[in-house]
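Nothing in this text is a laboratory measurement; each read-out follows from the coordinates by a stated rule. All of these numbers come straight from a predicted model, not from anything done at the bench. Positions of Cβ are backbone-derived with ideal geometry, glycine not excepted, and every protein chain shown enters the neighbour counts.
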Amino acid sequence: MRVFDYMDCVPNVKYHLEHFKNEPISFELSQPFDNLITEASFLGFLLKLRADKTNLYRARIYPKNDMEIEFITNRLSHVFQGYDKERSGAPGQNFAKNNRASREGERCLYAALDLITAVQEVRPILDEYVSVAKLKLMESNMIIFDLTRKLSNHLLVSIINHDPINQAMKELGVAINNEFMQPYRGSDKDYGFTQWFSDKVKNHRYQGIAYSSALHKGGSNLAIFSPDLWEPINSRLVKVSDIKYMIKTVKI
């Protein structure tokens, strides 16, 4: 393929999905994305989650007041201080809503690689309680298509930077990551592209997608296609005591 074949890939697919959603996407439109996924290992888009080194965190708003919290925690086990084990994992099929990497009725685990990112992703307000579950992988490892990876191998970076096609694919990965970061605005079309791309990743046998958090700088979120492979091992309650924003003036 040529470099310009990768230009405007994302907006072109989004336009097709919005205006011609009942028509299949052409091979020409789809091929750059297939190439990116096929070359994921070389381009640095793979993440191997290991059971002995990686835990995931899933947060949920815990709608209780201070007195209720004190009453409840006095009667809970020391392991699940927040939601119980059943409600700490991925929701059941009947409760699965339309989301970034899954459609209504499709089970998918949405979690983060760290506790702070998990909490910020549920957008709590001041003095609100959040239940944060810690999950462990029930298999030895899991391979994820990782849109957040930063290349650290200098030789690999040099090879990619001197190959216009590889550089174009890397930039396509950045554009896709930006789509996964976008907030939900209340319309089903908001998730059209990310769901379409997630289907492609599934078809290539990857078990999930990692993408950057838009609410915690440096944080990573994950959409896991096989949620039953992650088991909640505990949960705890946290209370939001402060919310801060760092801003700077923009000169126009």
* To do: Return, ordered by residue number, the residues of region 202-233 whose backbone nitrogen is under 14 Å from a label point located 7 Å along Cα→Cβ of MET246.
  => 215-219
* Structure fact -> ASP190 and PHE20 label points (each 7 Å along its Cα→Cβ direction) are spaced in nm at 2.7 nm
* So which chymotrypsin sites (Phe, Trp or Tyr not before Pro) in region 160-227 pass both tests, a DSSP loop state and at most 12 other Cβ atoms within 10 Å of the Cβ? -> TYR184
* To do: Compute the length gained on full extension between ASP114 and ILE165: take 0.36 nm times their separation in residues and subtract their Cα-Cα distance, giving the result in nm to one decimal.
  => 15.0 nm
* Would you compute, from DSSP H runs of 4+ residues alone, the mean residue ellipticity of the chain at 222 nm, taking -39500 (n - 2.57) per run and dividing by the full residue count, rounded to the nearest 500? => -9500 deg cm²/dmol
* Asked: Relative contact order for the chain using alpha-carbon pairs under 8 Å, separation at least 6, rounded to a whole percent?
  -> 31 percent
* **³J(HN,Hα) computed for each position of region 26-38 - Karplus, 6.51 cos²θ - 1.76 cosθ + 1.60, integer Hz, glycine/proline x** => 5, 4, 5, 6, 7, 4, x, 6, 5, 4, 4, 5, 5
* **Inter-label distance for ASP228 and GLU106, nm, one decimal - labels placed 7 Å from Cα along Cα-to-Cβ** => 1.8 nm
* **Electrostatic dipole magnitude of the chain [Cβ: Lys, Arg +1; Asp, Glu -1; Cα centre; debye, to 20]** => 520 debye
* Asked: Could you name the lysines in cross-link range of LYS251, using Cα to Cα under 23 Å and dropping any fewer than eight places away on the same chain?
  -> LYS217
